[in-house]
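What follows is calculated from the coordinates using simple rules that are stated; it is not laboratory data. For clarity, every value in this text was computed on a predicted model and none was experimentally measured. Because the Cβ atoms are built from the backbone with ideal geometry, glycine has one as well, and the counts that use them run over all protein chains shown.
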Amino acid sequence: MENPKDLKYTKDHEWVRVEGNKAVIGVTDVAQSLMGDVVFVELPEIDAEFAAGEAAANIESVKAVSEVFAPVGGKIAEVNTALEDTPELINKDAFGEGWIFTVEISDSAELDNLLTVEEYGKLLVEGE
Amino acid sequence: MTSLKRTPLYETHVKAGAKIVEFGGWEMPIQYTGIIEEHNNCRNYAGIFDVSHMGEIDVKGPDALKFVNKLVTNDVEKMALKQCLYSPMCYEDGGVVDDLLVYKMADDHYYIVVNASNTDKDYDWFLQNAKGMDVKVDNISDQVVQIALQGPKAEGILQKITDCDLSKIKYYWFDYGKVNGIESIISRTGYTGEDGFEIYVKPEFGPGIWDKIMETGKDEGVTPIGLGARDTLRLEARLPLYGHEMSDSISPLEAGLGIFVKLNKEDFNGKTALVKQKEEGLKRKLAGFEMVERGIPRAEYPITKDGKEIGWVTSGSFAPSLNKNIGLALIKAEYVSIGSEIEVNIRNKGIKAKIVETPFYKRG
């Protein structure tokens, strides 16, 4: 699946969609495919604050646990409660219904540290 | 670091789109289409597994019976020809060297199947114990391909390509026969909780038999199964995994494998220690549990009760056939009663679980 052009990315395979002062966060299709069948998502608490790079959620596949890092710092505004009963949305629609949480961006300058779709694509080809 | 080994079926897995990982020194398929789908397929139809990484040690000679019976905790003396026997193999202190399958080929000939990652250690252990005995011990692991065919459709599929009457092979027995025209050993054994077979052939015939089974079983839904689903299948059936449920520091009695430890038989490695352990009473026991609150238990997570650490998870996973999160844990003996509440420490939070009956899954 193609990585959408309107999103920002991290080297840890998260994606970010900026909506005003809010950032919607999920993991990329490459990430879900590496994880395999997702069976549980541990969501952050609403209003919890995370610094950029801090682990905010955990995705459990059958085999392993993967942390989801907050790509930008801020306060958790919403969490995707649909993942509580249908965690497989991450496998089925990583860039859409599989979104994980949103944060109120505390410092928009941090957005500049994120990767463009071209940079993320290059990272996938070259490896980390 | 030594280079990773590949089974003769490696190319077959790559062609089938398998995701390959390192396991016990081998490059093995962890999954083909997805762990849950493969798991369900094996439970509902049939699954084919490459288990060629397992080790095979051949023991022949006048002292073969005496030798094997000294190594393992189960009683080899009672075995009939063409019978298979599961047994732990212990050190003198009661810790486990490995768990294995013994095939009785003749009164003076036993064929022993051991865990992949333990093969070299086991072979050394066999050689050490063979001193002063009239036996010939050979590690023939690289001369054997082992394919498992498991699931309700396994017998029907395999019968189409073998001259061996499979209905005559009872659970934990084997026979010789041609599979796809190739001389094989076929046993009704497995590691999934389903009916099924394990087939042993010379390496060069592995890919041919694999392809033939895939082709023959296509309409009956046979699919290849990787190590990921092999683990969830065996866990649901409460089949132990070396290094998790038992190890050099977890005895077979603690692991709940007492029925495979014949304390009444003549001397065997670990007997004194195990008899003592039994007489004194077990301080730790293996118990099955399921999560009450949300969370997935993983190996080595601590188990607590009222804030006090009482043991750890030996294996844990989402269980596809049960749609629950389950695990096995080695905990202080006083806490193993069915229904009792425990907590699994997941990322520094105590998440509620309860002790349940095992096996978690039993085929209908």
Which of B:344, B:264, B:59, positive extreme of dipole for chain B (C-beta unit charges): B:344
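Find the relative contact order for region B:255-320 and round it to a whole percent, using C-alpha pairs within less than 8 Å whose residues are 6+ positions apart.
Working: 43 pairs, mean separation 14.6, N = 66.
In percent, rounded to a whole number, it is 22.
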Scan around residue B:314 for amide H atoms under 5 Å from its own, H built in the peptide plane at 1.01 Å from N, and keep only partners 5 or more places away or cross-chain. B:300, B:328, B:329, B:330
Could you identify which residue out of B:132, B:24, B:327 has the top mean-square fluctuation in a GNM of chain B using Cα springs shorter than 10 Å? B:132
With θ set to phi - 60°, apply the Karplus curve 6.51 cos²θ - 1.76 cosθ + 1.60 along region B:139-145 and write out the HN-Hα couplings as whole Hz, x wherever there is a Gly or Pro. 8, 10, 4, 7, 9, 9, 9
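In region B:55-135, what % of DSSP beta bridges are antiparallel (nearest 5)?
Working: 19 of 19 bridges.
Restricted to region B:55-135, the bridges split so that about 100 percent are antiparallel.
Take the Cβ-Cβ distance between residue B:356 and residue B:16 as r, set R0 to 41 Å, and report the resulting FRET efficiency rounded to the nearest 0.05.
Numbers: r = 36 Å, r/R0 = 0.88.
Here the calculated transfer efficiency is 0.70.
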At q = 0.12, 0.13 Å⁻¹, the log10 of I(q)/I(0) for the protein assembly as shown from a Debye sum over equal Cα scatterers comes to -1.12, -1.25
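Classify region A:29-76 as rounded, prolate or oblate, taking a ≥ b ≥ c as the square roots of the eigenvalues of its Cα gyration tensor: rounded when a/c is under 1.5, otherwise prolate if a/b is larger than b/c and oblate if not. Could you put the intermediate results ahead of the total?
Working: a/c = 3.07, a/b = 1.92, b/c = 1.59.
It is prolate, given that a/c is not under 1.5 and a/b is the larger ratio.
Excluding residue B:52 itself, what net charge comes from residues whose Cβ is under 14 Å from its Cβ, given Lys and Arg +1 and Asp and Glu -1? Don't skip to the end; give the middle numbers.
Numbers: positive: B:5, B:6, B:202, B:230; negative: B:11, B:27, B:50, B:56, B:142, B:198, B:204.
Local net charge: -3.
Using Cα pairs closer than 8 Å and at least 6 residues apart in sequence, work out the relative contact order for region B:182-268, in percent. Each step should come with its number before you reach the end.
On the way: 53 pairs, mean separation 19.2, N = 87.
Once normalised by length, the contact order is 22 percent.
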Considering amide H positions built from the backbone, and no H for Pro or chain starts, which residues 5 or more places from residue A:73, or on another chain, come under 5 Å of its amide H? A:52, A:106, A:107
Say each of residue B:267 and residue A:19 gets a label point 7 Å from the Cα, pointing the same way as Cα to Cβ; how far apart are those two points in nm? 7.6 nm
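Whole-Å semi-axes of chain B's equivalent ellipsoid, largest first, each the root of 5 times a Cα gyration tensor eigenvalue?
On the way: eigenvalues 202, 155, 62 Å².
Over the Cα atoms of chain B, the semi-axes work out to 32, 28, 18 Å.
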Cα-Cα P(r), region B:172-226, percent of pairs per 5 Å interval: 4, 18, 24, 29, 22, 4
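Let me check I've understood the local charge: for residue B:355, count other residues with C-beta under 9 angstrom from its C-beta, Lys and Arg +1, Asp and Glu -1. What total comes out?
Details: positive: B:354; negative: B:290, B:341, B:357.
Computed value for this residue: -2.
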Choice from A:57, A:31, A:48 showing the highest fluctuation, given a GNM over chain A with Cα pairs closer than 10 Å: A:48
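What is chain B's relative contact order, in percent, from Cα pairs under 8 angstrom and six or more apart in sequence?
Details: 851 pairs, mean separation 65.0, N = 364.
Worked out over chain B, it gives 18 percent.
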Go ahead and estimate [θ] at 222 nm for the protein assembly as shown from helices alone: -39,500 (n - 2.57) per DSSP H run with n ≥ 4, summed, over the residue count, rounded to 500. -5500 deg cm²/dmol
Please list the non-local residues whose amide H lies under 5 Å from the amide H of residue B:195, H modeled 1.01 Å from N, same-chain partners needing a gap of 5 or more. B:151
Can you tell me how much longer the chain between residue B:278 and residue B:106 gets when fully stretched, taken as 0.36 nm per residue apart minus their C-alpha distance, in nm with one decimal? 58.6 nm
Using θ = phi - 60° and Karplus 6.51 cos²θ - 1.76 cosθ + 1.60, couplings along region A:86-100 (whole Hz; Gly, Pro as x): 10, x, 5, 4, 5, 6, 7, 8, 4, 8, x, 5, x, 4, 10
Counting only DSSP beta bridges with both residues in the protein assembly as shown, what percent are antiparallel, rounded to the nearest 5? 95 percent
So which GluC sites (Glu not before Pro) in region B:290-364 pass both tests, a DSSP loop state and at most 16 other Cβ atoms within 10 Å of the Cβ? B:293, B:300, B:357
Residue by residue through region B:14-28, which ³J(HN,Hα) values in whole Hz follow from phi under the Karplus form 6.51 cos²θ - 1.76 cosθ + 1.60 (θ = phi - 60°), with glycine and proline marked x? 4, 4, 7, x, 5, 8, 9, 10, 7, 9, x, x, 10, 8, 10
Counting other C-beta atoms within 10 Å, and keeping those with at most 12, which DSSP coil trypsin sites (Lys or Arg not before Pro) do you find in region B:1-108? B:78
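For region B:55-135, what does the alpha-carbon gyration tensor say about shape, rounded, prolate or oblate, given a ≥ b ≥ c as the root eigenvalues, a/c under 1.5 as rounded, and a/b over b/c as prolate?
On the way: a/c = 1.45, a/b = 1.25, b/c = 1.16.
The shape class here is rounded.
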